[in-house]
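Input: a single structure, listed below in structure tokens.
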Amino acid sequence: MIIITDENFEKEVLNSPKPILVDFYAVWCPPCSVLTPILEKLETEYEGKVLFRKVNVDNSPITAQRFGVNPIPAVILFKAGKPAGEFIGLRPEPVIKEWLESLLKKENEQR
């Protein structure tokens, strides 16, 4: 997963034509470490449909604060430059997949 910073967040995430799932994390956060391989697996499954990115809240505090990220892990799906949904904390893969599918389905229904 590509790491996004305060400096490139707008260009990489807010200006993306594709939906982007952003994982706000910190290296010292145990639940974040458990969530990472789940999201990496989903990144492979959703290739071409959703981009997956990470933001280290310690290295990019402006972006974390801008989106009210506290506590972590926090996962936000951005569509057309705006947050379309989020969850906080560790979730099992099937729950994340269901959450993601429901948000993507909403996008298709709105077209």
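Model label sites at residue 15 and residue 101, defined 7 Å from Cα along the beta-carbon direction, differ in position by 3.5 nm. In this structure, the residue pairs whose Cα-Cα separation is over 22 Å, taken from 11/41; 18/82; 18/41; 82/106, are 11/41. Each principal axis of the Cα atoms in region 13-56 has its own extent, and those three values, largest first, are 32, 22, 8 angstrom.
Relative contact order of the chain: 34 percent, from C-alpha pairs under 8 Å at least 6 residues apart in sequence.
Scaling against 2.2 N^0.38 Å puts the C-alpha radius of gyration of the chain at 0.98.
We did not get these values from a lab; they are worked out from the coordinates using the rules stated. In this text the structure is predicted, and so the values were computed from the model without any measurement. Using ideal geometry, Cβ is built from the backbone for each residue, glycine included, and neighbour counts are taken over all protein chains shown.
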